[in-house]
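Novice: Just dropping this structure here.
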Amino acid sequence: MGYVDNNLMDGERVIATAHIHPIVLVGPVIVTLICLIGGPLVILGLIWLAIVYWLYSSAEFAVTNRRIIAKWGVITRHSVEMNLDKVEGIKINQGIIGSKLGYGTLILNGTGGSHESFPNIANPMAFRQKILEHSTQDLKE
């Protein structure tokens, strides 16, 4: 985890990580395979597959003992850092396929009306559970 590790504060440690689900690669793979049959468009299919894989592999999502950190994008980087005590609610959107294959969109609602959406997260329920466990940890103590 390059971005997350490089942005940890003193005394902060990573509790859980999440990744984008590999389902995002299915479309480009299918198009590339179709292009293989179709001839010269195979180069475009391979370029698209490489770009999607690059974006897929560069995304980072983590829960630390203090905050949620997320980064995705390569040319244009989008990063989110939200203190755990500022999380007011977490919503997960999953379609039928997403619930069967274990991916969905995680939406964080923060104080002040902020909303952050993380699409195609693998196992969003487990990631939400880690956020909830650590955002309420102060209440338990």
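The values are calculated or read from the model by the stated rules, or taken from the named source; none is laboratory data. Please read these numbers as outputs of a predicted model, since none were measured by experiment. Using ideal geometry, Cβ is built from the backbone for each residue, glycine included, and neighbour counts are taken over all protein chains shown.
Novice: Quick check on the range 39-73: of everything there that is β-branched (Val, Ile, Thr) and modelled with pLDDT of 80 or more, which residue is surrounded by the most Cβ atoms within 10 Å (Cβ to Cβ)? I'd like the intermediate steps shown before the answer.
Specialist: Residues of the range 39-73 that are β-branched (Val, Ile, Thr), as a first pass: 42-43, 47, 51-52, 63-64, 68-69.
Okay, now just the ones that are also modelled with pLDDT of 80 or more, so 43, 47, 51-52, 63-64, 68-69.
Working: ILE43: 10, ILE47: 12, ILE51: 13, VAL52: 18, VAL63: 25, THR64: 21, ILE68: 28, ILE69: 23.
Once the filter is applied, the top-ranked residue is ILE68.
Novice: Name the single residue, out of those in the range 76-101 being of a type outside the set (Asp, Glu), closer than 18 Å to LYS130 by Cα and within 16 Å of the chain's Cα centre (by Cα), that is surrounded by the fewest Cβ atoms within 10 Å (Cβ to Cβ).
Specialist: Within the range 76-101, the first condition is being of a type outside the set (Asp, Glu), and the residues that meet it are 76-80, 82-84, 86-87, 89-101.
Next, from what is left, pick out any that are closer than 18 Å to LYS130 by Cα: 80, 82-84, 86-87, 89-93.
With the extra rule that they be within 16 Å of the chain's Cα centre (by Cα), the set shrinks to 80, 82, 90-93.
Numbers: VAL80: 17, MET82: 19, ILE90: 17, LYS91: 14, ILE92: 16, ASN93: 12.
Taking the candidates together, the pick is ASN93.
Novice: Another one. Considering each residue of the range 1-38, count those that are touching a residue at least 60 places away in the same chain (Cβ under 8 Å), buried (at least 16 other Cβ atoms within 10 Å of the Cβ) and assigned to a helix (DSSP H, G or I), and give that number.
Specialist: Residues meeting the conditions: 3.
Novice: Next question, about the same structure. So which residues in the range 102-138 are buried (at least 16 other Cβ atoms within 10 Å of the Cβ) and in a helix (DSSP H, G or I), if there are any at all?
Specialist: Hits for the range 102-138 are PRO124, PHE127, ARG128, LYS130, ILE131, HIS134, SER135.
Novice: Shifting gears a bit: Within the range 39-88, take every residue that is β-branched (Val, Ile, Thr) and touching a residue at least 40 places away in the same chain (Cβ under 8 Å) and give me the one that is nearest to LEU108 (Cα to Cα). Full working, then the answer.
Specialist: Within the range 39-88, the subset β-branched (Val, Ile, Thr) is 42-43, 47, 51-52, 63-64, 68-69, 74-76, 80, 87.
Next cut, touching a residue at least 40 places away in the same chain (Cβ under 8 Å) only: 63-64, 68-69, 87.
Values: VAL63: 12, THR64: 15, ILE68: 10, ILE69: 12, VAL87: 7 Å.
Looking at the filtered set, the residue picked out is VAL87.
Novice: Could you list, in sequence order, the residues of the range 96-126 that are hydrophobic (A, V, I, L, M, F, W, C) and within 21 Å of GLY27 (Cα to Cα)? Talk me through it step by step, then tell me what you get.
Specialist: Start the filter on the range 96-126 by keeping residues that are hydrophobic (A, V, I, L, M, F, W, C), which leaves 96-97, 101, 106-108, 118, 121-122, 125-126.
Scanning the range 96-126 gives ILE96, ILE97, LEU101, PHE118, ILE121, ALA122.
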